[in-house]
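Chemist: If you scroll down you'll find the structure; I have some questions about it.
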Amino acid sequence: MKKQGNLFNFFAVAAPGLTTFCADELVQYGLLTGKTSDAIEPGGVAFRGDRLALYRANLHLRTASRILVRLGEFHAENFDQLRSRAASLGWEQYLRAGQPVDLRVTCHKSRLYHTGAVVERIAAAIGVRLGGAPPVKKTDDESGEDDAQLIVVRLFRDACTISVDASGALLHRRGYRLATARAPLRETLAAGLLLASGWNASAERPSPLIDPFCGSGAIPIEAALMALNIAPGRNRRFAFMEWPDFDRELWRGLLDEADARAQARRAHLAEQLTIYGSDRDAGAIASAQANAERAGVDALVRFACHAVSAIEPPAEPGFVVTNPPYGQRVRGGADLRNLYAQFGNVLRARCPGWRVAFLSSDRTLLSQTALRLDTDLTFINGGIKVIVARGFVDGG
Ligand SMILES: C[S@@+](CC[C@H](N)C(=O)[O-])C[C@H]1O[C@@H](n2cnc3c(N)ncnc32)[C@H](O)[C@@H]1O
């Protein structure tokens, strides 16, 4: 596809622990060149590109939470400067007259610190360009059903950065997960855990993968989407689709390209993919099955309702990637310690030579597994810091 003219500065917002994976994904899709460490900033990854790059990032990134377009950066130490400099930005590229905006403002170490007053001045500045200040309202990050355009304004040491959100609902909302079990894992974290595990989704024939605590199925479904090369944003809407300059044809072309790649991969993998999800809760398995159908991967992921003690992994070594219950998220106590000890025993008995990657908030629980685990990487799940425990299963 040919280059689309103007270049923009973008920022892929990523949750703690996911930024390096997000940078690797940007490289994989040709959206980032050079050293990834130079592009990683607190809270995400900066990259530069045209409109096609923006559409591509939204469609393909599995670990980013949202994509922002950096509209302007300027010095502002008083409200006059803020208003006049904000009024010089090209708002009309992103907003229609009268369209509501959600102005999300943070101020740190700056002379302008009253966020409400900053909202007022920016709304007035937009009004200068669009012939009337827009209504200001709050958007919902989860549903994305609002008509309001999210604008992110950050003041730090009197430097004002204004960004326009291109995604709408957060990118973990792929559109397939309507049914959830208890303590669901965000799809972005499930994808990050899979990437951290070392499982090679794009291998000629990916190794077997099992999730014995699969709940509503985020990990097995994300694994299947990755292995089949299905774009995570294939079936959802994005904020950029409402922008006055939205290029429908360009988007259509990108979808066709993504679909062709996914079809070729599906034909290649056919029966060769072994992804299992199991959970002892029948309701969770029903949700997982329904979610897999909506994601278009139900023919490739096998779900079963049974306890972890009943798993029957294939003989060929593979990967156990999972999100067992842990303290604050699913009720427990002594039972949880027993469950982790049992998990370790089951792995040693049934999965010798396999690799394992799982999340847990609690080092005491991890030690119960008696597995040798690397614990240097952490994510945040549901506001709780969780350890990404990774290791190799020795025989029992
Ligand atoms: C943290 S949740 C997993 C959430 C899942 N990743 C998702 O996205 O929905 C933990 C799951 O472990 C299941 N579970 C608890 N004890 C189990 C056991 N002994 N055997 C199998 N599953 C168990 C629970 O039913 C629950 O669905």
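The values are calculated or read from the model by the stated rules, or taken from the named source; none is laboratory data. Just so you know, these numbers come straight off a predicted model, no measurement behind them. Every residue, glycine among them, receives a Cβ derived from its backbone with ideal geometry; neighbour counts consider all protein chains shown. Each accessible area value is taken on the protein alone, full model and side chains, heavy atoms only, with ligands, DNA and RNA left out. Shrake-Rupley method; radii C 1.70, N 1.55, O 1.52, S 1.80 Å.
Chemist: Just to confirm the filter: which trypsin sites (Lys or Arg not before Pro) across segment 304-396 are DSSP coil and have at most 13 other Cβ within 10 angstrom of their Cβ?
Modeler: Answer by residue number: ARG331, ARG372.
Chemist: How would segment 8-165 be classified by its alpha-carbon gyration tensor: rounded, prolate or oblate, with rounded meaning a/c under 1.5 and the a/b versus b/c comparison settling the rest?
Modeler: On the way: a/c = 1.95, a/b = 1.54, b/c = 1.27.
Prolate, because a/c is 1.5 or more and a/b exceeds b/c.
Chemist: Moving on to the next point. For the chain, go through all pairs of different Cα atoms, get the mean of 1/r, take its inverse, and jot down that Kirkwood value in Å.
Modeler: Working: mean 1/r = 0.0445 Å⁻¹.
Every distinct Cα pair counted, the radius reaches 22.5 Å.
Chemist: Pull up the DSSP beta bridges for the chain and report the antiparallel fraction as a percent, rounded to 5. Numbers along the way, then the final one.
Modeler: Numbers: 40 of 63 bridges.
Counting DSSP beta bridges with both partners in the chain, the antiparallel share is about 65 percent.
Chemist: Can you tell me the 0 to 90 degree angle between the C-alpha axis of helix 19-28 and the longest principal axis of the chain, rounded to 10?
Modeler: So the inclination is approximately 80 degrees.
Chemist: Would you rank SER65, SER202 by solvent-accessible area, highest first, keeping every protein chain in place and using a 1.4 Å probe?
Modeler: SER202, SER65
Chemist: Hey, what angle do you get for helix 115-130 against the long axis of the chain, alpha-carbon based, 0 to 90 degrees rounded to 10?
Modeler: Long axis of 115-130 versus the principal axis of the chain: about 60 degrees.
Chemist: Can you spot the aspartates and glutamates whose alpha carbon is less than 15 Å from LYS385's alpha carbon? Ignore those fewer than 8 places along the same chain.
Modeler: By straight Cα distance, LYS385 reaches ASP362, ASP376.
Chemist: Efficiency by 1/(1 + (r/R0)^6): what FRET value for ASP147 and ASP245, r their Cβ-Cβ distance, R0 = 22 Å, to the nearest 0.05?
Modeler: Working: r = 18 Å, r/R0 = 0.80.
Here the calculated transfer efficiency is 0.80.
Chemist: Work out the charge dipole of the chain with +1 on the Cβ of Lys and Arg and -1 on the Cβ of Asp and Glu about the Cα centre, then indicate which of LEU130, PRO324, SER367 is farthest towards its positive end.
Modeler: The listed residue farthest towards the positive side: SER367.
Chemist: Could you derive backbone 3J(HN,Hα) for segment 218-228 from the dihedral phi with the Karplus parameters 6.51, -1.76 and 1.60 (θ = phi - 60°), listing whole Hz in sequence and x where the residue is Gly or Pro?
Modeler: 4, 5, x, 5, 4, 4, 5, 4, 5, 5, 8
Chemist: Quote to one decimal, in nm, the extra length available between GLU204 and LYS385 on full extension: 0.36 nm per residue of separation minus the C-alpha distance between them. The partial results should precede the final answer.
Modeler: On the way: separation 181, 0.36 × 181 = 65.16 nm, distance 3.49 nm.
Length difference between fully extended and current span is 61.7 nm.
Chemist: Calculate how steeply helix 334-350 sits against the longest principal axis of the alpha-carbon atoms of the chain, using the helix alpha-carbon long axis, and give the answer as 0 to 90 degrees to the nearest 10.
Modeler: 70
Chemist: Where in segment 126-228 are there trypsin sites (Lys or Arg not before Pro) that are in a DSSP coil and have at most 11 other Cβ atoms within 10 angstrom of their Cβ?
Modeler: Working: sites: ARG129, LYS137, LYS138, ARG154, ARG157, ARG173, ARG174, ARG177, ARG182, ARG186; in loops: LYS137, LYS138, ARG157, ARG173, ARG174, ARG177, ARG182, ARG186.
Passing both the DSSP loop test and the Cβ count: ARG157.
Chemist: Something else: DSSP loop GluC sites (Glu not before Pro) in segment 214-293 with at most 15 other Cβ atoms within 10 Å of their Cβ, which ones?
Modeler: Working: sites: GLU222, GLU242, GLU249, GLU257, GLU271, GLU293; in loops: GLU271.
Filter output for segment 214-293: GLU271.
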